[in-house]
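The values are calculated or read from the model by the stated rules, or taken from the named source; none is laboratory data. In this text the structure is predicted, and so the values were computed from the model without any measurement. As a convention, Cβ positions derive from the backbone with ideal geometry for all residues, glycine included, and neighbour counts pool all protein chains shown. Each accessible area value is taken on the protein alone, full model and side chains, heavy atoms only, with ligands, DNA and RNA left out. Shrake-Rupley method; radii C 1.70, N 1.55, O 1.52, S 1.80 Å.
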Amino acid sequence: MSASNKWSFKVSSFIVGEDFWRGIVAIIVFLIFWEIGSRSEALFGFAFPWVGQVPSPSAVLKEIYRLIQEPSFWHSGYLSTRRVLEGFFAAMLVGIPLGLAMAVSRTFYGITFPVFEVLRPIPPLAWVPAAIIFWPTQELSIAFVTFLGAFFTIVINVIGGAQSIDVRYFQAARSMGSSTFDIFRRIILPGVLPSIVVGATVGIGITWAVVVAAEMISGGGSAGSMGGAAGGGLGFFIWNSYVGGSYTQIVAGMISIGAAGYMSSAILRKIGQLLTPWLAEG
């Protein structure tokens with residue numbers, strides 16, 4: 001490693017360290033404000049607007065500690081995670097080839113894109129009643145709605161990534177006698193890969209939001225009807241906590257979903273860095 005590279009590595013490491021500690025300080029300040037706001041009526045004689053009605057971080061932390069010792073809570077998390085992964089990977093398997101086909105074929109694009117654009121603005125949750133009617137089980141209806149949460153985002157990113165490739169790459173490849181397959185393999189796929197990573201990262205975040213709402217609306221799927229609050233996923237867990245008036249459980253469930261979504265996105269970003277090393281080098 002050259003001296004300039006070593007210096008840039010030290011500078012980047014220092015910047016990353018600064019950002020990390022800024023984030024830690026921001027979280028601590030937020031938690032302190034939240035704790036004071038939640039206890040404002042006892043401390044100051046009046047409740048702060050909105051935050052004064054929310055359970056304090058210390059109460060939520062105690063609830064999380066209690067919940068992580070219960071197998072039913074982990075089972076709810078497992079069900080939601082399984083549904084997210086099933087819907088997400090199905091969206092990847094269908095969305096990436098569809099987006100590539102729409103990007104490389106004008107005829108196919110002209111046939112499919114108008115229909116795609118009509119369906120795309122419909123929120124995934126608007127499909128829940130239709131999915132419950134047309135799919136034989138609630139579990140399949142949740143899986144379908146979860147699939148839609150990531151599908152449109154992935155397809156749009158694939159199309160956009162393919163259309164952003166400089167046309168001169170295609171002209172140069174054709175002038176050197178490259179076949180259509182070589183152009184697809186060496187130009188289109190590497191050019192679209194960063195957009196696939198972005199679409200996947202955004203899509204899995206939407207998928208988490210959709211699956212939780214779908215579990216609330218549909219009653220947690222077939223597992224929820226069999227296992228009650230313990231088996232309906234995190235969305236049904238939050239809804240059941242609301243019905244039961246356990247507000248600390250609601251916040252604990254929300255934090256669990258946020259942590260799961262963050263970890264999912266972080267894993268995909270790391271995979272994206274491994275698949276596109278040239279972006280880090282640039």
TODO: Identify the single condition in (1) assigned to a helix (DSSP H, G or I); (2) at pLDDT 80 or above that Phe14 does not satisfy, given that it satisfies every other one.
DONE: (2)
TODO: Considering only residues that are aromatic (Phe, Trp, Tyr) and either within 17 Å of Leu79 (Cβ to Cβ) or not in a helix (DSSP H, G or I) (or both), look in segment 236-263 and name the one that is most open to solvent (accessible area, probe 1.4 Å).
DONE: Trp239
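crowded, with 19+ Cβ neighbours inside 10 Å and out of contact with any Leu (no Cβ under 8 Å at 6 or more places or on another chain) - does that describe any residue in segment 107-124? Show your work before the answer.
At the first step, the residues of segment 107-124 found to be crowded, with 19+ Cβ neighbours inside 10 Å are 124.
Okay, now just the ones that are also out of contact with any Leu (no Cβ under 8 Å at 6 or more places or on another chain), so none.
Scanning segment 107-124, I find no residue that is crowded, with 19+ Cβ neighbours inside 10 Å and out of contact with any Leu (no Cβ under 8 Å at 6 or more places or on another chain), so the answer is no.
It is to be established whether one or more residues within segment 237-252 are within 21 Å of Phe88 (Cα to Cα) and either without any contact (Cβ under 8 Å) to a residue 60 or more places away in the chain or touching a helix residue (DSSP H, G or I) at 6+ places or on another chain (Cβ under 7 Å) (or both).
No, there is no match, as no residue in segment 237-252 is within 21 Å of Phe88 (Cα to Cα) and either without any contact (Cβ under 8 Å) to a residue 60 or more places away in the chain or touching a helix residue (DSSP H, G or I) at 6+ places or on another chain (Cβ under 7 Å) (or both).
Under the condition of being under 25 Å from the mean Cα position of the chain (by Cα) and in contact (Cβ under 8 Å) with a residue 40 or more places away in the chain, which residue from segment 100-112 is nearest to Leu193 (Cα to Cα)?
Leu100
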Open item on the list: Suppose we keep only residues that are open to solvent by 40 Å² or more (accessible area, probe 1.4 Å) and part of a helix (DSSP H, G or I) within segment 158-177. Which one would you say is nearest to Leu268 (Cα to Cα)?
Closed with: Gln163
TODO: Only residues in segment 173-189 that are over 19 Å from Ala101 (Cα atoms) and modelled with pLDDT of 80 or more count as the first member; pair them with residues that are buried (at least 16 other Cβ atoms within 10 Å of the Cβ) and aliphatic (A, V, I, L, M), Cβ under 7 angstrom, at least 6 apart or cross-chain, and list the lot.
DONE: Ala173/Ile183; Ala173/Ile187
TODO: State yes or no: is Gln53 under 28 Å from the mean Cα position of the chain (by Cα), open to solvent by 60 Å² or more (accessible area, probe 1.4 Å) and of a type in the set (S, T, N, Q)?
DONE: no
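Of all residues in segment 76-90 being surrounded by fewer than 21 Cβ atoms within 10 Å (Cβ to Cβ) and of a type outside the set (Gly, Ala, Ser), which is farthest from Thr207 (Cα to Cα)?
Here is the first cut: in segment 76-90, the residues surrounded by fewer than 21 Cβ atoms within 10 Å (Cβ to Cβ) are 77-78, 81-82, 85-86, 89-90.
Those left that are additionally of a type outside the set (Gly, Ala, Ser): 78, 81-82, 85-86, 89.
Working: Tyr78: 15, Thr81: 10, Arg82: 11, Leu85: 9, Glu86: 10, Phe89: 11 Å.
So, considering only residues that are surrounded by fewer than 21 Cβ atoms within 10 Å (Cβ to Cβ) and of a type outside the set (Gly, Ala, Ser), the one farthest from Thr207 (Cα to Cα) is Tyr78.
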Task: Odd one out for Glu139 among (1) of a type in the set (Asp, Glu); (2) within 23 Å of Glu215 (Cα to Cα); (3) surrounded by fewer than 16 Cβ atoms within 10 Å (Cβ to Cβ) - done: (3)
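Residues are listed down the side, and each one gets a yes or a no for (1) over 29 Å from Phe30 (Cβ atoms); (2) open to solvent by 70 Å² or more (accessible area, probe 1.4 Å); (3) part of a helix (DSSP H, G or I); (4) at pLDDT below 90:
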position: Ala59; (1), (2), (3), (4): no, no, yes, yes
position: Lys62; (1), (2), (3), (4): no, yes, yes, no
position: Gln69; (1), (2), (3), (4): no, yes, no, no
position: Met92; (1), (2), (3), (4): yes, no, yes, no
position: Gly95; (1), (2), (3), (4): yes, no, yes, no
position: Ala130; (1), (2), (3), (4): yes, no, yes, yes
position: Val145; (1), (2), (3), (4): yes, no, yes, no
position: Val155; (1), (2), (3), (4): yes, no, yes, no
